[in-house]
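Trainee: I'd like to ask you about the structure that follows.
The values are calculated or read from the model by the stated rules, or taken from the named source; none is laboratory data. Bear in mind the structure is a predicted one, so any value in this text is a computation, not a measurement. As a convention, Cβ positions derive from the backbone with ideal geometry for all residues, glycine included, and neighbour counts pool all protein chains shown.
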Amino acid sequence: MRFRSSPIVVALPLMCLLHSSECRAAREIAGEDVDQAEAAGLHTYVSQVADALEKKETGLRTFLQLSVRPVFDGAGAESYTARLGYLLKLWGDHDFAVVLKGESDAVKREIIRRLDEYAIDQHIRKYPETTALAEHDTIRSKPRSK
């Protein structure tokens with residue numbers, strides 16, 4: 001992990017920094033998605049991710065809503081999508097689906113698209129409630145016709 005000066009980390013409460021294991025994990029949140037979020041002016045991204053990791057609905061909801069904003073590309077999009085897959089696993093199918101169900105159709109479609117991209121068949125079997133919330137656009141390779 002590289003060291004960066006960040007107003008996001010400085011904004012975390014002192015008690016949080018000293019005592020909570022979840023908050024310690026939040027301080028360690030780093031990656032291209034964090035860099036790109038900061039560059040886009042989303043200075044609360046790390047705290048939103050920390051809230052999602054603490055299973056706070058508002059944190060997950062805000063994280064999901066970022067999927068339809070033009071914030072992440074390239075490595076940042078990959079990092080965001082990997083974090084999304086981790087949050088699905090952490091929250092579990094039912095709880096994640098409850099939050100996602102309350103989002104717009106555009107957010108649902110984008111989250112399912114990213115999950116399809118992240119782990120095509122694995123999440124469909126493990127997370128049926130979540131994957132049932134939107135159509136799947138993943139195109140699978142077909143044999144070439146001669």
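Trainee: Residue check: is residue 146 surrounded by 12 or more Cβ atoms within 10 Å (Cβ to Cβ) and either at pLDDT 85 or above or assigned to a loop (DSSP other than H, G, I, E, B) (or both)?
Mentor: no
Trainee: From 77, 106, grab the single residue that is out of contact with any helix residue (DSSP H, G or I) (no Cβ under 7 Å at 6 or more places or on another chain), among the small types (Gly, Ala, Ser), modelled with pLDDT of 85 or more and under 22 Å from residue 36 (Cβ atoms).
Mentor: Selected residue: 77, the only one of 77, 106 that is out of contact with any helix residue (DSSP H, G or I) (no Cβ under 7 Å at 6 or more places or on another chain), among the small types (Gly, Ala, Ser), modelled with pLDDT of 85 or more and under 22 Å from residue 36 (Cβ atoms).
Trainee: Pick from segment 56-94 the residues that are crowded, with 16+ Cβ neighbours inside 10 Å and of a type in the set (Lys, Arg): which of them is farthest from residue 29 (Cα to Cα)? Before you say what the answer is, go through the steps one by one.
Mentor: Pass one, segment 56-94, residues crowded, with 16+ Cβ neighbours inside 10 Å: 59-67, 71-72, 76-81, 83-85, 87-88, 91, 93.
Within this subset, residues satisfying the condition of being of a type in the set (Lys, Arg) are 61, 83.
Working: 61: 18, 83: 10 Å.
Taking the candidates together, the pick is 61.
Trainee: While we're looking at this one, here's another question. Quick check on residue 130: is it at pLDDT below 90 and surrounded by 17 or more Cβ atoms within 10 Å (Cβ to Cβ)? First the steps, then the outcome.
Mentor: Details: at pLDDT below 90: yes; surrounded by 17 or more Cβ atoms within 10 Å (Cβ to Cβ): yes.
The answer is yes for residue 130.
Trainee: If only one of 46, 34 is touching a Phe, Trp or Tyr at 6+ places or on another chain (Cβ under 9 Å) and modelled with pLDDT of 90 or more, which one is it?
Mentor: 34
Trainee: Here is a follow-up. Anything in segment 83-109 that is of a type outside the set (S, T, N, Q) and outside any helix (DSSP H, G or I)? List them, or say none. Can you show your working first?
Mentor: Of segment 83-109, the ones of a type outside the set (S, T, N, Q) are 83-103, 105-109.
Residues satisfying the conditions are 92, 102, 103.
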